[in-house]
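First up is the structure itself, then whatever we jot down about it.
The values are calculated or read from the model by the stated rules, or taken from the named source; none is laboratory data. Note that the coordinates shown come from a computational prediction; the quantities given were computed from them, not determined experimentally. Cβ sites come from the backbone with ideal geometry, for glycine too, and all protein chains shown count toward neighbours.
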């Protein structure tokens, strides 16, 4: 089985990219498994990918590096269930040092079962423009920038995603900045939404990185500080009403949360809202404060009941984030005439990463 990891900072489009890659492999006659990862349960990505018909395992409670044994067990479960030819893995968007703590340990400890593909790291253009080309640093502290840059440093392939939003001048500027900072690294421009550049990405993912490559140096105190600046929230809710639109519900809630986060001066790294009713699924996102809410998966149905999942990653206090989500649900329920009841909520700052394994160069 070939394992390919698709990394990248929060909001880079990892899940949409993985879904498009998985569809390509399935159409080519290959069996595909996917493993998602999060700091807590109730993960939108897992529900979204399963709603598309994919076989998905989930590692929750910490990053892959800190839950290495759970990752290995999840890979084994997919092996027993569907014997996949390809497994696509999606690490937490605030995680780095994946080569030393995940890729090389899998190669060394389970190399008889798995072939490791290259580590591809997606880059959201807004992040690149802010950090690499001297744009405004809204929402990015030096610690968060440190994680972002370390992700790019260890990548075998950098893929600038969402390029359908960039004009030629912006693409060239970003390419020059990446080449200056990460000389010699393959840099691709892709759009998971349209499929642009995916032939080149598929070709890059078919290559094999050299084993026992050099491991980068990582300041774990700085890394932990960057993660701890994020407020993390995973929540479940139910909606009851008379013939309401799933699409309107998710988009209205995303818009309401975007406004409230902006008023609180809390930069959204990524907010995802998924609503499901009898197999119909709608999803809306906030990927940055300057883009507002987007309907990323439409279903165009009217329902009288739905289950909601909210995942929010913002720069700010998790207690305030919880209040914003609660008040946002109340406000949208009143606007749409829908009763929204909040269920389980997990809100916290990520704990410092403590990898199960960390290989050194030459191990």
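It is to be established whether one or more residues within the stretch 337-352 are in a helix (DSSP H, G or I), modelled with pLDDT of 95 or more and under 30 Å from residue 243 (Cβ atoms).
no
Please count how many residues of the stretch 108-132 are touching a helix residue (DSSP H, G or I) at 6+ places or on another chain (Cβ under 7 Å), crowded, with 18+ Cβ neighbours inside 10 Å and part of a loop (DSSP other than H, G, I, E, B).
Result for the stretch 108-132: 1.
For residue 61, all conditions in the list (1) in contact with a helix residue (DSSP H, G or I) (Cβ under 9 Å, 6 or more places away or on another chain); (2) crowded, with 17+ Cβ neighbours inside 10 Å hold save one; what is the number of the exception?
(2)
Have a look at 34, 18 and point out the one that is touching a helix residue (DSSP H, G or I) at 6+ places or on another chain (Cβ under 6 Å) and either crowded, with 20+ Cβ neighbours inside 10 Å or closer than 16 Å to residue 270 by Cα (or both).
Every option except 34 fails the conditions.
I'm trying to understand the selection: among the residues of the stretch 197-216, which are at pLDDT 95 or above and loosely packed, with under 14 Cβ neighbours inside 10 Å?
199, 203, 206
Out of all the residues in the stretch 20-47, which are part of a helix (DSSP H, G or I) and free of Cβ contacts under 8 Å to residues at least 40 places away in the same chain?
Matches in the stretch 20-47: 23, 26, 27, 46.
How about the stretch 264-291: which of its residues are out of contact with any helix residue (DSSP H, G or I) (no Cβ under 9 Å at 6 or more places or on another chain) and either closer than 26 Å to residue 319 by Cβ or assigned by TED's automatic domain parsing to the domain that holds residue 49 (or both)?
Those that are out of contact with any helix residue (DSSP H, G or I) (no Cβ under 9 Å at 6 or more places or on another chain) and either closer than 26 Å to residue 319 by Cβ or assigned by TED's automatic domain parsing to the domain that holds residue 49 (or both): 265, 270.
Quick check: is even one residue across the stretch 318-334 loosely packed, with under 14 Cβ neighbours inside 10 Å and part of a strand (DSSP E or B)?
Scanning the stretch 318-334, I find no residue that is loosely packed, with under 14 Cβ neighbours inside 10 Å and part of a strand (DSSP E or B), so the answer is no.
With 206, 159 as the choices, which residue is out of contact with any helix residue (DSSP H, G or I) (no Cβ under 8 Å at 6 or more places or on another chain) and under 30 Å from residue 73 (Cα atoms)?
206 is the lone residue from the list that is out of contact with any helix residue (DSSP H, G or I) (no Cβ under 8 Å at 6 or more places or on another chain) and under 30 Å from residue 73 (Cα atoms).
Exactly one of (1) farther than 28 Å from residue 289 by Cβ; (2) surrounded by fewer than 20 Cβ atoms within 10 Å (Cβ to Cβ); (3) within 18 Å of the chain's Cα centre (by Cα); (4) in contact (Cβ under 8 Å) with a residue 12 or more places away in the chain is unmet by residue 50. Its number?
Going through (1) farther than 28 Å from residue 289 by Cβ; (2) surrounded by fewer than 20 Cβ atoms within 10 Å (Cβ to Cβ); (3) within 18 Å of the chain's Cα centre (by Cα); (4) in contact (Cβ under 8 Å) with a residue 12 or more places away in the chain one by one, residue 50 breaks only (4).
Would you say residue 53 is part of a strand (DSSP E or B), at pLDDT 95 or above and either in the same structural domain as residue 205 (by TED's automatic domain parsing) or on the phi > 0 side of the Ramachandran plot (or both)?
For residue 53, the condition - part of a strand (DSSP E or B), at pLDDT 95 or above and either in the same structural domain as residue 205 (by TED's automatic domain parsing) or on the phi > 0 side of the Ramachandran plot (or both) - is not met.
Being farther than 30 Å from residue 130 by Cα, out of contact with any helix residue (DSSP H, G or I) (no Cβ under 9 Å at 6 or more places or on another chain) and not assigned by TED's automatic domain parsing to the domain that holds residue 48 narrows it down to one of 341, 306, 334, so name that one.
334
For the stretch 179-196: of the residues being out of contact with any helix residue (DSSP H, G or I) (no Cβ under 7 Å at 6 or more places or on another chain) and surrounded by 12 or more Cβ atoms within 10 Å (Cβ to Cβ), which is nearest to residue 20 (Cα to Cα)?
Step by step, filter the stretch 179-196, then rank; the result is 185.
Do we find a residue being assigned to a helix (DSSP H, G or I), under 28 Å from residue 112 (Cβ atoms) and without any contact (Cβ under 8 Å) to a residue 24 or more places away in the chain anywhere in the stretch 79-97?
Scanning the stretch 79-97 turns up at least one residue that is assigned to a helix (DSSP H, G or I), under 28 Å from residue 112 (Cβ atoms) and without any contact (Cβ under 8 Å) to a residue 24 or more places away in the chain.
Could you count how many residues in the stretch 216-240 are assigned to a strand (DSSP E or B) and in contact with a helix residue (DSSP H, G or I) (Cβ under 7 Å, 6 or more places away or on another chain)?
Counting residues in the stretch 216-240 that are assigned to a strand (DSSP E or B) and in contact with a helix residue (DSSP H, G or I) (Cβ under 7 Å, 6 or more places away or on another chain) gives 6.
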